[in-house]
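Read through the structure below, which is laid out as structure tokens, and then see the notes.
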Ligand code: SF4
């Protein structure tokens with residue numbers, strides 16, 4: 001099995017502390033993070049992914065909005081620079097500890113944060129990065 005993830009959620013997951021929009025969203029998010037911690041691969045997708053699922057029928061759901069697709073495009077371009085490979089739909093990979101370290105270093109430097117512009121969680125995510133991601137749930141195998 002693999003977990004479908006849209007590109008900007010690669011950023012959101014590095015700061016995941018167990019907070020989110022609704023209890024159902026948080027439950028689903030925590031289950032997915034645990035699957036990644038167990039070594040399950042990610043499959044990159046365009047549009048709504050496994051993390052979006054509990055939100056798709058919520059009023060005001062933004063998961064299909066073009067502005068959110070813009071976040072994905074920004075994240076994909078910047079993450080590709082950091083990882084030195086294409087970040088595009090259909091790619092399958094395991095987010096191991098080394099890749100996560102690269103992402104967290106780049107996130108803390110601010111070099112992959114264009115997708116975060118205008119996001120309501122920006123202040124919290126910046127604080128988490130300043131705290132060296134202490135308490136974050138994503139902790140995949142080597
Ligand atoms: S600021 Fe928003 S888009 Fe950026 S990592 Fe946090 S939740 Fe994701």
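Considering only residues that are surrounded by 15 or more Cβ atoms within 10 Å (Cβ to Cβ) and out of contact with any strand residue (DSSP E or B) (no Cβ under 9 Å at 6 or more places or on another chain), which ones fall in the stretch 24-45?
Within the stretch 24-45, 25, 26, 28, 29, 33 meet the criteria.
Which one is surrounded by the most Cβ atoms within 10 Å (Cβ to Cβ), of the residues in the stretch 111-122 that are within 8 Å of the ligand (Cβ to nearest atom) and part of a helix (DSSP H, G or I)? Spell out the reasoning first.
Start the filter on the stretch 111-122 by keeping residues that are within 8 Å of the ligand (Cβ to nearest atom), which leaves 113, 115-116, 119-122.
Applying the additional criterion that residues be part of a helix (DSSP H, G or I) yields 115-116, 122.
Details: 115: 24, 116: 20, 122: 12.
Ranking the qualifying residues of the stretch 111-122, first place goes to 115.
Go through (1) in a loop (DSSP other than H, G, I, E, B); (2) surrounded by 12 or more Cβ atoms within 10 Å (Cβ to Cβ); (3) more than 13 Å from the chain's Cα centre (by Cα) for residue 132 and report which single condition fails.
With (1) in a loop (DSSP other than H, G, I, E, B); (2) surrounded by 12 or more Cβ atoms within 10 Å (Cβ to Cβ); (3) more than 13 Å from the chain's Cα centre (by Cα) applied to residue 132, the lone miss is (2).
Which one is farthest from the ligand (Cβ to nearest atom) among residues in the stretch 100-110 that are under 22 Å from residue 32 (Cα atoms) and either surrounded by 13 or more Cβ atoms within 10 Å (Cβ to Cβ) or in contact (Cβ under 8 Å) with a residue 60 or more places away in the chain (or both)?
The initial filter retains those residues of the stretch 100-110 that are under 22 Å from residue 32 (Cα atoms), namely 100-104, 107.
Still in the list and also either surrounded by 13 or more Cβ atoms within 10 Å (Cβ to Cβ) or in contact (Cβ under 8 Å) with a residue 60 or more places away in the chain (or both): 100, 102-104, 107.
Numbers: 100: 14, 102: 15, 103: 10, 104: 11, 107: 7 Å.
Per the stated criteria, the residue is 102.
Taking residue 117, is it modelled with pLDDT under 95 and more than 19 Å from residue 139 (Cα to Cα)? If you could, list the steps in order and put the result at the bottom.
Details: modelled with pLDDT under 95: no; more than 19 Å from residue 139 (Cα to Cα): yes.
No; evaluated as a whole, the condition is false for this residue.
The values are calculated or read from the model by the stated rules, or taken from the named source; none is laboratory data. Not measured: the values here are computed from a predicted model. Using ideal geometry, Cβ is built from the backbone for each residue, glycine included, and neighbour counts are taken over all protein chains shown.
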